[in-house]
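Visitor: Let me give you the structure first, and then I'll get to my questions.
Laboratory data are not the source of any read-out in this text; all were calculated from the coordinates shown. This structure is a prediction, so every number in the text was calculated from the model and none was measured.
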Ligand code: C5P
């Protein structure tokens, strides 16, 4: 017989978005995934997830476009966590969605990681950090990053993480067109090669060195999805163009798209740019980078579950 979980009171946690400062796809692996080298960064744009005691697991979302069924990573996370802990447990989960999804901003992955943390608290269980990381990896390639936050190098599928010196950019924007891009399709559109182990290792050495010396200048930032995605979706190139024309220092696609992030040097330029973008039918957010320590603090009282080292 499975033990019934103890339940805490209702509480709410933020679920932050990420951008990829740079994203290199190094090659295709025999398992169908791609070998990546990316610099992840948490930003201040966030969803909010509430957790309440309940006999069964249920999910409500304030927008109709995101599914609430078993395909939602929050439900997958809840089932996986209960199974791993060997408990019978329910939760009434409420998601307030602000992060465009899909959008290349890791919204679903972030929600999954926060669900693992929030439900551990609700059910009064303390999974070991390495077990949390394993569950996160099983849920999706970007999920482990959301147990870390800040600025981090991701390799492998994106799940092997190393802390990097924090990048601080207080004046940023995220702009998302009204359509979404399927991550799986974006990967298959790359026609990436199968790599030998030695080619992969030498590419990783170069990529790590670049990541450690990354400047937030347009010429330093690369997203290997841009060439193929921008050909299919010229509106993303249009977003980049309008941002740059209005004075953004950097305008770059995040993840497999379709969101573009921008970095500004002056608040005034950011303001006028966001005003200029009003005439287009795009979603816009003024954001800033979120450091690892602020990320952990925001997840209080669940932050003590987060792995300390990677
Ligand atoms: O890991 P996740 O479920 O988020 O990945 C979604 C899809 O993106 C995968 O099914 C795969 O097609 C593709 N992917 C990939 N290589 C990665 C990460 C994702 O090919 N490193």
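Visitor: Specify whether the C-alpha gyration tensor of segment 123-242 places it in the rounded, prolate or oblate class, a ≥ b ≥ c being the square roots of the eigenvalues: rounded for a/c under 1.5, otherwise prolate if a/b is larger than b/c and oblate if not.
Guide: Since a/c stays below 1.5, the shape of segment 123-242 is classed as rounded.
Visitor: Which residue fluctuates the most in the chain, going by a Gaussian network model with Cα springs under 10 Å, if the choices are 16, 280, 187?
Guide: 280
Visitor: Taking the chain, how much of its Cα-Cα pair set, in percent, is spaced more than 26 angstrom apart?
Guide: Above the 26 Å cut-off, the chain has 45 percent of its Cα pairs.
Visitor: So, in Å, what gap is there between the alpha-carbon centers of segment 245-310 and segment 71-106?
Guide: 23 Å
Visitor: If you don't mind, another one. What number, rounded to the nearest 500 deg cm²/dmol, is the helix-based mean residue ellipticity at 222 nm of the chain, given -39500 (n - 2.57) per DSSP H run of at least four residues and division by all its residues? List each step's numbers first, then the result.
Guide: Details: 9 runs with 98 residues, N = 310.
Value at 222 nm, helices only, nearest 500: -9500 deg cm²/dmol.
Visitor: Separate question: If one takes the longest principal axis of the Cα atoms in the chain, at what angle in degrees, from 0 to 90 and to the nearest 10, does the Cα axis of helix 267-276 lie?
Guide: Here the helix axis deviates by roughly 90 degrees.
Visitor: Same structure again: Mind telling me which of 86, 140, 104 comes out most flexible in a GNM of the chain, alpha-carbon contacts under 10 Å?
Guide: Maximum fluctuation in the GNM of the chain, among the listed residues, is at 86.
Visitor: Counting alpha carbon pairs within less than 8 Å and at least 6 residues apart, what relative contact order, in whole percent, applies to the chain? Each step should come with its number before you reach the end.
Guide: Details: 641 pairs, mean separation 75.8, N = 310.
Computed value for the chain: 24 percent relative contact order.
Visitor: Separate question: To test your reading of the geometry: what angle, between 0 and 90 degrees and rounded to tens, separates the Cα axis of helix 129-139 from the longest principal axis of the chain?
Guide: Between the helix axis and the principal axis of the chain, the angle is about 70 degrees.
Visitor: Angle between the Cα long axis of helix 234-245 and the longest principal axis of the chain, 0 to 90 degrees, nearest 10?
Guide: Between the helix axis and the principal axis of the chain, the angle is about 70 degrees.
Visitor: In addition: If the elastic network links every pair of Cα atoms under 10 Å, which of 189, 118, 156 fluctuates the most in the Gaussian network model of the chain?
Guide: Residue with maximal mean-square fluctuation among 189, 118, 156: 189.
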